[in-house]
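Working notes, structure below.
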Amino acid sequence: VTTGDALLLCGMAEERMNENVRIALITSGVVGVADSVWNGTVLASYCYDLGHSNTFVGLVEAASGLVQLFVAIPVGAYADGRDARGVTRKVKMTRLACPFTMVSAAATAAVTWGVTFDGTTSSLRWMLIVVMMLWGFTEAVVMGPFQAMFADSLPTGDRSKYYSFLYSAYIGASAAGPAVSIALFALWGDTWSPRQLAKVLLSGMALEAVSSPLFLLFREKYLLGAEADAVDETDSSAKRDDNFVPVTLFVASLLSSLGSGMTVKFFPLFFRETVGLSPIKVQLVYAVVPLAMVAGMAAAQSVHPVLGRVQTLCLFKLAAVALLVAMIQLVHSAPIAVVVVYVVRTALANCTYPIEESILMDFVPRDRRARWKSLESVSSFGWCGSALVGGLVADRDSYS
């Protein structure tokens, strides 16, 4: 049974799937497992223990976002161009994920080993900021071209569905990462010690290096032509200001990032320090969250044909904000209940991402998709910058 057959049996494709799309779905799933082993609960707790403050956690996150801010936009503009043969550079830039991920993973492993297992190099903890900048550089170089390449491999009108598949592949697989971490903590000890966290972090680096060659499989020959054009290129009744829709989505994303960045990075530390959950229990929470998000995406895909894509975005986002307010009310009286509300709130806040991506790619011409995706670096920096502010506030006052 081929991968395509399996996807057909799962209802993920009614016809033969574009090869780039197929590879993207597989890659997203494998990378989702690797990322979720280390980049979240484990990294935040490891940085907290080494820096002895929430501010250090926020600083590490801000460093990654700062690199993305300066690198992603020029990279996006370059990827939208064509080489001397007239071939788009999007696929070529996507393939760079392989060497860049390997370098970032090796550097992170070296610093983690030196900081944790060599007592003479404890000052290397500041090198964590440098290696997180490497990860920020890798994401800045790859993600814009990857998303643009994926959009160029899909016919207009199908993007909402396939972006849902792509995001579900990554997020669904992200439940496996915490499961791996649970097994490792059960093997090495269910404690928040830096040595235990470092072992899990190193395991994540190994998975990142192993998964990175998948990015070398993408090919220019599978990119589509006019059938992948933006809506206003193919439908004369859809003429509008070319920039209105993408600018509106960008502003909404930026505002959301500024707010969520102050809180999201510190939820694992809140569960650890305030609620008193052990590593395995926190990882159980983060194993459930991706599954709730996949369920939310299925719900959003069912709702948007009835309400409309924008109306569905507004409905789910407003519900997420209401639940965040509820968490504030429950944080002192019922901290365990906060965990349940957090899972639902996170699912609602993030499950509309495939719809947002489909709207953006439907209204941006093929030759400008990578640079528009690269603008997410501004939102990422806003998210990471506000994480630094969140760390300062948490140290001064409390997580609530």
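The values are calculated or read from the model by the stated rules, or taken from the named source; none is laboratory data. Nothing here was measured: the structure is a model prediction, and the numbers come from that model. All Cβ positions, even for glycine, are placed from backbone atoms using ideal geometry, and neighbour counts span all protein chains on display. What goes into the accessible areas is simple: the full protein's heavy atoms, side chains included, and nothing from ligands, DNA or RNA. Shrake-Rupley method; radii C 1.70, N 1.55, O 1.52, S 1.80 Å.
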Q) Ignoring ligands, DNA and RNA, what percent of the 1.4 Å accessible area of region 34-97 is carbon and sulfur? A) 61 percent
Q: Could you pull out every residue, at least 5 positions away or on a different chain, whose amide H is within less than 5 Å of the one on LEU277? Hs are placed 1.01 Å off N in the peptide plane, and Pro or chain starts have none.
A: ARG272
Q) Pick from PRO290, PRO365, PRO305: which is most flexible by mean-square fluctuation in a GNM of the chain where alpha carbon atoms under 10 Å apart are linked? A) PRO305
Q | Rounded FRET efficiency, nearest 0.05, which uses the C-beta distance separating LEU216 from SER278 and R0 of 30 Å | A | 0.15
(Q) Ignoring everything except DSSP H segments at least 4 long, calculate the 222 nm mean residue ellipticity for the chain; use -39,500 (n - 2.57) per segment, divide by total residues, nearest 500. (A) -25000 deg cm²/dmol
(Q) Counting heavy atoms of the protein chains only and a 1.4 Å probe, report the per residue accessible area for region 264-352 as a whole number of Å². (A) 45 Å²
Q. Within the accessible area of region 277-320, what % is carbon and sulfur when the probe is 1.4 Å and the other protein chains stay in place?
A. 79 percent
Q.
Looking at the calculated P(r) for region 244-400, what percent of the C-alpha pair distances fall above 22 Å?
A. 48 percent
Q. Given DSSP loops and a limit of at most 15 other Cβ atoms within 10 Å, what is the longest stretch of the chain that contains no such trypsin sites (Lys or Arg not before Pro)?
A. 241-400
Q. Going toward the positive end of the dipole of the chain, with +1 on Lys and Arg Cβ and -1 on Asp and Glu Cβ, which of VAL289, TYR162, THR41 do you reach last?
A. THR41
(Q) Please compute the alpha carbon radius of gyration of region 12-164, then divide it by the globular-protein estimate 2.2 N^0.38 Å. Two decimals is fine. (A) 1.23
Q: Could you pull the Cα extents of region 125-183 along its three principal axes, largest to smallest, in whole Å?
A: 48, 31, 11
Q: Enter the accessible area per residue of region 81-218 (Å², integer; probe 1.4 Å; all protein chains in place).
A: 38 Å²
Q. Using a probe of 1.4 angstrom, how much of the accessible area of region 118-209 is carbon and sulfur, in percent?
A. 69 percent
Q: Work out how much length SER333 to ARG82 would gain on full extension: take 0.36 nm times their residue separation and subtract the Cα-Cα distance, in nm to one decimal.
A: 84.5 nm
Q: Have a look at ILE336, ILE129, ILE359 and tell me which one the Gaussian network model of the chain (Cα, springs below 10 Å) gives the largest fluctuation.
A: ILE336
Q: Apply the Kirkwood formula to the chain: the hydrodynamic radius equals the inverse of the mean of 1/r over all pairs of different alpha-carbon atoms; give it in Å with one decimal.
A: 21.7 Å
